[in-house]
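What follows is one structure encoded as structure tokens, with my remarks underneath.
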Amino acid sequence: MPPSLPSLLPHKPALQDIDTTPEQLQAALDLAKVTSPDQTPIYICAFQNCFRLYPTRDRLMLHRKRDHDSQDDSLIITWNE
């Protein structure tokens, strides 16, 4: 079973947005789109608290080989499998 996402990600304090106008918020809502795993694949490297995002398992594994000097395929967080 893959690791779960919520308890692993590092947290940072939230900053209050004092610049965005109501019109900008509405424009952003008009652009919003609900997606599904089929439409938006995501693979997260949870190896050594990395948490980088990749569009495919292959890209994530290339990252692991290059940046972590590992071909370990555990500690991958995804909603696509």
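FYI, it's all coordinate maths here, none of it is from the lab. What you are looking at is a predicted structure, and each value in this text was computed from that prediction instead of being measured. Neighbour counts run over all protein chains shown; Cβ positions are idealised from the backbone, glycine included.
Suppose only helical runs count, i.e. DSSP H with n ≥ 4. What mean residue ellipticity at 222 nm does that imply for the chain under -39500 (n - 2.57) per run, divided by all residues and rounded to the nearest 500 deg cm²/dmol?
Working: 2 runs with 21 residues, N = 81.
It comes out at -7500 deg cm²/dmol, rounded to the nearest 500.
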List the residues whose amide H sits under 5 Å from the amide H of Trp79, counting only those 5 or more places along or on another chain, with H placed 1.01 Å from N in the peptide plane.
Ile42
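If you put +1 on each Lys and Arg Cβ and -1 on each Asp and Glu Cβ, how big is the dipole of the chain around its Cα centre, in Debye rounded to 20? Spell out each step's value before the answer.
Numbers: 8 positive and 11 negative charges, 59 e Å.
For this selection, approximately 280 debye.
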In terms of the Cα gyration tensor, with a ≥ b ≥ c the square roots of its eigenvalues, is segment 12-71 rounded because a/c is under 1.5, prolate because a/b exceeds b/c, or oblate?
oblate
Would you work out which of Ile77, Ser36, Phe47 lies farthest towards the positive end of the dipole of the chain? Charges go on Cβ: Lys and Arg +1, Asp and Glu -1.
Phe47
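Using +1 on the beta carbon of Lys and Arg, -1 on that of Asp and Glu, and nothing else charged, what's the dipole of segment 37-78 about the Cα centre, debye to 20? Mind showing how you got there, number by number?
Working: 6 positive and 6 negative charges, 24 e Å.
Dipole magnitude for segment 37-78 comes out near 120 debye.
Using R₀ = 35 Å, calculate the FRET efficiency as 1/(1 + (r/R₀)^6) where r is the Cβ-Cβ separation of His68 and Ala14; round to 0.05.
Details: r = 30 Å, r/R0 = 0.86.
The computed FRET efficiency comes out at 0.70.
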The chain: relative contact order in percent, alpha carbon pairs under 8 Å with at least 6 residues between
36 percent
